[in-house]
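Trainee: First the structure, which I've put down as structure tokens, then a few questions once you've had a look.
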Amino acid sequence: MYRQGAHMSMPPNRNNQQNQGGGSSQKPSPGRSFLPSWVWWLVLMALLFWNVYALAVPKTTPSATLSYTAFLEQLRAGNVATVTFKDQTINGTLKNAIPAPPNPDGTTETTPGQSSSGIGPQSYTQFTTVVPTGGNADLLPLLQQQAVTISAVETGGSSFLADLAVSVLPMLFFVGLLIFMMRQAQGGQQSVFKFSGSQARVYNRERPGITFADVAGEDEAKGELQQVVDFLMHPQRYRSLGARLPRGVLLVGPPGTGKTLLARAVAGEARVPFFNISASEFVEMFVGVGASRVRDLFARAKAEAPSIVFVDELDAVGRQRGAGLGGGSDEREQTLNQLLVEMDGFDEETNVIVIAATNRPDVLDPALLRPGRFDRQVTVSLPDRAGREAILKIHTRPLKLGSGFDIAVLARRTPGFSGADLANLANEAALTAARRGGTEVCMEDFDEAMDKIILGTRQAGLLNEMERRVVAYHEGGHALVAKLTPGADPVSKVTIIPRGRALGVTEQLPEEDRRNYLKDYLIGRLSVMLGGRAAEELAFGQPSTGAENDLKEASSLARRMVGRWGMSEELGPVFYGVEDVHPFLGREIQQPREYGDATAERLDTAVRRLVEEAHAQAQETLLNYRHLLDMLVDELLVHETVDGRWLDSLLTNNTPAAEADGSGKARVI
């Protein structure tokens, strides 16, 4: 690969999606309110505002207090519209507003609640006056003469009930609604104020679940977990023989291989409640919350026994205590301690099994892995060829496939893909077919989707002719060395079309899955990695920056061959632990290297010798077949992409006669 380039021989393992099959969507539990929580809080805020308004805002209209003489003057002038009698008090309304009469101290005379410092209303239409003792016999005839509307209020009444209805009843409704919300939240297992409670999601027997039929490609792991299902469904069969049920099962494997899906399949097969939580949800910034949530989770699981507790990403809370510089988080360690106590404190009759998943078993605390806690470790590895074919059958089931689609060929071309990768591949192929306006998902759509996933998004072509030639020779060198090196992975495609960060790519796909590599294969792989740089030196007399990633990968592989796999004659079959990745800060300080400076110098010399020998081998191969390299470069400059079949044809038709057998066909190299 020319990227500041890297040669890619294996597809990367992208594991950020769910594995094979699919789960049921989560529905709201029956005890939970169907309205969103923000609606209830909005209603509560409105009620609170109403109570504040009802209690704080005056309910009387601003009015001025008139003397009885001033009232009679306004009455005789015909300016009184209505009056209301209540004992000796008269409340009324004027037809035309008049200035409020001043008090002797110069302030405006108004009713209580209004400003008495001159800031209040400067005129009024509402007034209040008091009839002198003994009454005025001429008042009623005068009111009738002026056509004033007269009304009266019964004395001795009280407005207590009205005030109660306005101010107290809304407050009672507010309290009642708050209690209702709390009970609704508790019914859904999520109390509003229960901060220290478990946040686990529960999938119960009545919900449609996932079974082992929805999981493909992990037959060995399914076989191990089938025993767990049998434990949960027939516990007495084992107890009658004196057997103790397992406490915990640890699923170990790369991301995207279906660990969570397998755990849910166990619950679906056993038809028991399934408590699902991520380990990171235990720990909060408040001390003691994590341990409290662990206690609450296991209390709920015991109440629902037989049940399954699934803890995803266990390494978030189960890391080794006291590792690295500065120790660990006290809150995380308290949570881990509580988890250890709960798992070791089950009664023999409690049918609760803990299933946990992690892709970093090397960082887990040893106390978690001992028998009595996690009794079993089930490895969920990347699927083999048959497993990938079974997974693809599940994920291509909803697709409308074309007649030329061959699922066996696709499974062979995807070594190293996890279930999540295969699901993403099927989805990308469908999206590609939709973008081009097709009615079926064809094999070409899967090829384009694989290129996009492995190599990246297609970029604009190179415009500089010299740069195109450099990239063509670089990728041609990779491809030709791969074709002429015995045991190397077959070349499926060579392209100088930029994709992602790479200006060109040589794609190799192994025909079979490999878990063990011989030294000759690794040396040949080194030569293929350095074939791009060797071709640049042969064609232009100097290298370019495009081999940066090739040199990095080749140096890393050579260092592992020398220091980890003992493939060096200078150092012999000794393990030196080079390129160990320590998960904790400061671990490499506490555990210094186990070899001296002289050995380190010899190790560097052996690594350099391996790389230089591979580079020399690549140069020799390309020098002997320079005419094929030039022909391949010319084809790349014209068509930009060459597949493996064209390369086979190039070698067959242009191999020197000295290398052909009696039939005239090229000798297989």
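Trainee: Any idea which of LEU571, LEU538 is in the same structural domain as ARG626 (by TED's automatic domain parsing) and over 25 Å from THR621 (Cβ atoms)?
Mentor: Going through LEU571, LEU538 in turn, the sole match is LEU571.
Trainee: Are there any pairs with C-beta distances below 6 angstrom linking a residue in region 222-235 that is closer than 17 Å to ILE210 by Cα and in the same structural domain as VAL272 (by TED's automatic domain parsing) to a residue that is among the charged types (D, E, K, R) and crowded, with 19+ Cβ neighbours inside 10 Å, with the two at least 6 apart or on different chains, and if so which?
Mentor: Sorted first by the residue in region 222-235, then by its partner, the pairs are VAL229/GLU269.
Trainee: Looking only at residues in region 484-512 that are exposed (fewer than 15 other Cβ atoms within 10 Å of the Cβ) and at pLDDT 85 or above, which one is nearest to PRO415 (Cα to Cα)?
Mentor: Of region 484-512, the ones exposed (fewer than 15 other Cβ atoms within 10 Å of the Cβ) are 486-487, 490, 501, 511-512.
Then drop every residue that is not at pLDDT 85 or above, which leaves 486-487, 490.
On the way: PRO486: 20, GLY487: 17, PRO490: 13 Å.
Among those residues, the one meeting the criterion is PRO490.
Trainee: Of these, ASP597, ASP634, which one is at pLDDT below 90, acidic (Asp, Glu) and surrounded by fewer than 16 Cβ atoms within 10 Å (Cβ to Cβ)? Don't jump to the end; show me each part of the working.
Mentor: Numbers: ASP634 fails: at pLDDT below 90.
Being at pLDDT below 90, acidic (Asp, Glu) and surrounded by fewer than 16 Cβ atoms within 10 Å (Cβ to Cβ) holds for just one of ASP597, ASP634, which is ASP597.
Trainee: Further question on the same structure: Among the numbered criteria (1) within 24 Å of GLU342 (Cβ to Cβ); (2) at pLDDT below 80, which one does PHE298 miss?
Mentor: For PHE298, the failing item is (2).
Trainee: Looking only at region 303-342, filter to residues that are touching a strand residue (DSSP E or B) at 6+ places or on another chain (Cβ under 6 Å) and of a type outside the set (Gly, Ala, Ser); which one of those is modelled with the lowest pLDDT? Write out each step before concluding.
Mentor: First pass over region 303-342, keeping only residues touching a strand residue (DSSP E or B) at 6+ places or on another chain (Cβ under 6 Å): 305, 307-315, 318.
In the following step, the residues that additionally are of a type outside the set (Gly, Ala, Ser) were identified as 308-315.
Details: ILE308: 83, VAL309: 85, PHE310: 85, VAL311: 85, ASP312: 83, GLU313: 82, LEU314: 84, ASP315: 79.
Within region 303-342, the match that is modelled with the lowest pLDDT is ASP315.
Trainee: Further question on the same structure: Pairs, please: C-beta under 9 Å, at least 6 apart or cross-chain, first residue touching a residue at least 60 places away in the same chain (Cβ under 8 Å) and part of a helix (DSSP H, G or I) and in region 518-530, second aromatic (Phe, Trp, Tyr) and surrounded by fewer than 22 Cβ atoms within 10 Å (Cβ to Cβ)?
Mentor: ARG525/TYR517
Trainee: Could you pull out the residue among GLU536, GLU570, GLU553, GLU475 that is at pLDDT 90 or above, farther than 30 Å from ALA411 by Cα and of a type in the set (D, E, K, R)?
Mentor: Details: GLU570 fails: at pLDDT 90 or above; GLU553 fails: farther than 30 Å from ALA411 by Cα; GLU475 fails: farther than 30 Å from ALA411 by Cα.
Selected residue: GLU536, the only one of GLU536, GLU570, GLU553, GLU475 that is at pLDDT 90 or above, farther than 30 Å from ALA411 by Cα and of a type in the set (D, E, K, R).
Matching residues to (1) surrounded by fewer than 24 Cβ atoms within 10 Å (Cβ to Cβ); (2) touching a Ser or Thr at 6+ places or on another chain (Cβ under 8 Å); (3) of a type in the set (Val, Ile, Thr):
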| site | (1), (2), (3) |
| --- | --- |
| ARG514 | yes, no, no |
| LYS519 | yes, no, no |
| GLY524 | yes, yes, no |
| VAL528 | no, yes, yes |
| ALA535 | no, no, no |
| PHE540 | yes, no, no |
| PRO543 | yes, no, no |
| ALA554 | no, no, no |
| ARG564 | yes, no, no |
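Trainee: In the set LEU422, LEU382, which member is of a type in the set (A, V, I, L, M), closer than 29 Å to THR260 by Cβ and out of contact with any helix residue (DSSP H, G or I) (no Cβ under 8 Å at 6 or more places or on another chain)? Lay out the reasoning, then the answer.
Mentor: Working: LEU422 fails: out of contact with any helix residue (DSSP H, G or I) (no Cβ under 8 Å at 6 or more places or on another chain).
The unique qualifying residue is LEU382.
The values are calculated or read from the model by the stated rules, or taken from the named source; none is laboratory data. Owing to the predicted nature of the structure, the values given are computational and were not obtained by experimental measurement. Note that we place each Cβ from the backbone using ideal geometry, even for glycine, and neighbour counts take in every protein chain shown.
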